[in-house]
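Remarks on the structure that follows.
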Amino acid sequence: MNSFKTLIAASLLGTAAFAAPGLKVSGTDLQYNGKKIFFSGTNLAWSDYNSDVGASPLDENAWRKAVEGTRAAGGNAIRWWLFNNMSQSPTIDETTHLVTGPKENTIANMKKALDIAEEYGVMVSMCLFSHNLMEPNQWGLYNEKLDITANELLFEDAGTKAFIDNVLIPVVKAIGNHKALMTWEVFNEPEGMTSECSGWTTKKMALAKIQKFTNKVAAAIHTTNPELLVSTGSVNIKYQKHWNDAALIEAGGEANGTLDFFQTHYYPYWQDNSVSPFVNTAAQMATKYSYDSKPMIIGEFPASGWAGDTYRSNFAAKTEITTEECYRKAFDGGYAGALAWQYIGDKTEANFGGYSYTIDPALKAMTALAATEEASIKIKDVDISGSTGGNGMMAVTYGADNGQVEYQNKGGWDLSGATTFTWTAKNNGKTDADIYLIFKLTDSWTWTETDGSCKVPAGEKVTCSIDISSFADRNKTLSITLANYASGYTGTVIYDDIKAGDLTLFDFNTDKYDAFKRGYENTEEMIPEIKIVFDENYVYGKTSISKSKLAATSKFSINGDKITLNTKAKGQVSVDVFGMNGRIVATLFNGMLGAGNYVFSLADMPKGQYIIRMKGAGITTTQPVIVK
């Protein structure tokens, strides 16, 4: 089974790569470190709808895949939805229906996501809410509807104050001036919640309420940290004037409760050329629609473009435009950025001809733009290259009882042609593992435990086989869960070649981030790590190479500002720099290395004393160093 090996080497050091003054507004431009910047990027917009910053840990594989993919295409920005419709987070009091605080992993997930983005030189538009707040029939926790009373109260004085005091300010303080933070974006398409702007949500409210809320939120952010930038994502540029300074201040009364820059969305299916930022320049639009003179990012548009196979005669837009032309026209038209919708999954536009597309056209278009405009886009140098070779496997490390890993397929797998479900499992722990298979079937996501389990003795590799012939509804299998119910088990299990009959569902060879994620409410303590590896002897936190072989295969040394690693062993390597207080200050490298000689530089580090930790590829060691 052929696969790939990826080498990522950052030429600038973690925290030193992003220096003051950071991101600023200059007229209708955004500037980064004193130089005009164009945000070329994508919308994630979520890895787990509504749940990315809730009770569960971040799905690091899904996030890293989108961030790395965006940067590999020459991009520098990604847009991420946070609380969305409040069905999963923040925490809401069931009696008062007021927001009481962030969920367990809200701040930790935000920090981890931003830290990963910073590794790649990608900045994040952090979108707090969406128009889905006014959809009472959307699901909440445990198949219950979302708390529409709480969502309506959010726009009343008590609800707004509770959110600002209990969630917004603590979150803004915790994130601070993170170097990957582009903006706090108040809303995704708030006009959808109001009839004044042809809104479409089930429940609606007066536009003035949304303007007041936006004013109060922006003011709270600016008061907490005046250096931060606030924006909102309008559904249509013709409504942009509703977010002008005067309109927001009149609605909410807070002089500093204004937006620093604007974002607008464009979809040719129902928006014609008159409101298209790809037909009209930013200056023309500002004049035509009377909005304040500020930077404007095109926050959403179809990754497919609308030309040739992806254009239909019933579109409102009458000018065909390719994805590559979208990025180019945005850049040349005076816009501050363009972010295609959306990174995860395949999209099918059923109402507009039924064509399907992925994010790929956008990534190709971003690559083309970066080829000529890199100086206006690149935040830091990152070398991302790949080659084939090796067999990918999924390593799951269990730290407590009842650990579960799950893979959801919203379109569903048709497993009706299979009678058995098989996979290989190698137990690198010290006690026996006991793996159970669980499906979620049909559109009801019915939890369905299969009969029997697969016992995997310590140190052994087995092929597991479960009879699934009795499950009539397996023709629509929306989720596959592997649960280790062995009491007291801690250790790493290596999974590979997951099949239903002759159909291979996962061999982990084609995408180094396409792994399962933690099951619902599984904590990092229960599942410390899920990752694709290329060594069936991999153990979390340990090298699979014996100490007797280390001297022969790996050598680590520091000479001046140069760190040298010589190894004959392939593996995951991280090189981290810690301050003398024990806090990490920079990551020089984190990725796969093959056999060879590698040099990492400390030249960009400030003078001082540090501790270097080299971990992986057969070596784990720390060594102090003085940078002069």
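The values are calculated or read from the model by the stated rules, or taken from the named source; none is laboratory data. Not measured: the values here are computed from a predicted model. Glycine gets a Cβ as well: all are built from the backbone with ideal geometry, and neighbour counts include every protein chain shown.
Confirm whether ASN50 is within 23 Å of ASN409 (Cβ to Cβ), of a type outside the set (Lys, Arg) and outside any loop (DSSP other than H, G, I, E, B). When the stated conditions are applied, ASN50 does not pass them.
A quick yes/no check of all residues on (1) of a type in the set (A, V, I, L, M, F, W, C); (2) over 28 Å from GLN240 (Cα atoms):
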residue: VAL279; (1), (2): yes, no
residue: LYS294; (1), (2): no, no
residue: ALA303; (1), (2): yes, no
residue: ARG312; (1), (2): no, no
residue: LEU339; (1), (2): yes, no
residue: GLY354; (1), (2): no, yes
residue: ASP383; (1), (2): no, yes
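Scanning the range 277-301 for residues that are buried (at least 17 other Cβ atoms within 10 Å of the Cβ) and either of a type in the set (Lys, Arg) or farther than 16 Å from GLY333 by Cβ (or both), we see that the one that is nearest to the chain's Cα centre (by Cα) is GLU300. Within the range 406-421, not a single residue is part of a loop (DSSP other than H, G, I, E, B) and basic (Lys, Arg).
Checked across the range 463-472, the condition of being within 14 Å of VAL396 (Cβ to Cβ) and touching a Gly at 6+ places or on another chain (Cβ under 8 Å) holds for no residue. Taking LYS5 as the residue in question, decide whether it is among the charged types (D, E, K, R), assigned to a strand (DSSP E or B) and at pLDDT below 85. Considered against the rule, which asks whether it is among the charged types (D, E, K, R), assigned to a strand (DSSP E or B) and at pLDDT below 85, LYS5 comes out as yes. Consider the range 585-608 and keep the residues that are surrounded by 14 or more Cβ atoms within 10 Å (Cβ to Cβ), aliphatic (A, V, I, L, M) and touching a helix residue (DSSP H, G or I) at 6+ places or on another chain (Cβ under 9 Å). The one that is modelled with the lowest pLDDT is VAL585. Every listed requirement among (1) over 24 Å from the mean Cα position of the chain (by Cα); (2) surrounded by 24 or more Cβ atoms within 10 Å (Cβ to Cβ) is met by PHE187 save one, (1). The set of residues in the range 181-200 that are of a type outside the set (Phe, Trp, Tyr), part of a strand (DSSP E or B) and in contact with a helix residue (DSSP H, G or I) (Cβ under 7 Å, 6 or more places away or on another chain) comprises LEU181, VAL186, ASN188.
Listed residues HIS178, HIS222; which is surrounded by 16 or more Cβ atoms within 10 Å (Cβ to Cβ) and in a loop (DSSP other than H, G, I, E, B)?
When all the criteria are applied, what remains is HIS178.
Is it true that some residue in the range 221-238 is hydrophobic (A, V, I, L, M, F, W, C), in the same structural domain as GLN342 (by TED's automatic domain parsing), farther than 23 Å from TRP81 by Cα and modelled with pLDDT of 95 or more? Scanning the range 221-238, I find no residue that is hydrophobic (A, V, I, L, M, F, W, C), in the same structural domain as GLN342 (by TED's automatic domain parsing), farther than 23 Å from TRP81 by Cα and modelled with pLDDT of 95 or more, so the answer is no. Where strands (runs of 3 or more DSSP E) fall entirely within the range 59-149, those with at least 3 residues that are in contact with a helix residue (DSSP H, G or I) (Cβ under 6 Å, 6 or more places away or on another chain) and assigned by TED's automatic domain parsing to the domain that holds MET366 are at 99-101. Summed over the range 92-108, the residues that are at pLDDT below 95 and either crowded, with 23+ Cβ neighbours inside 10 Å or of a type in the set (Lys, Arg) (or both) give a count of 1. So, SER304, is that one at pLDDT below 95, surrounded by 15 or more Cβ atoms within 10 Å (Cβ to Cβ) and of a type in the set (Gly, Ala, Ser) or not? The answer is yes for SER304.
Take residues that are in contact (Cβ under 8 Å) with a residue 12 or more places away in the chain and touching a strand residue (DSSP E or B) at 6+ places or on another chain (Cβ under 7 Å) and tell me which of the strands (runs of 3 or more DSSP E) falling wholly in the range 449-519 contain 3 or more.
So the answer is 454-456, 461-467, 477-484, 491-500.
Scanning the range 273-304 for residues that are assigned to a loop (DSSP other than H, G, I, E, B) and without any contact (Cβ under 8 Å) to a residue 60 or more places away in the chain yields SER276, PRO277, PHE278, VAL279, ASN280, THR281, SER290, TYR291, ASP292, PHE301, SER304.
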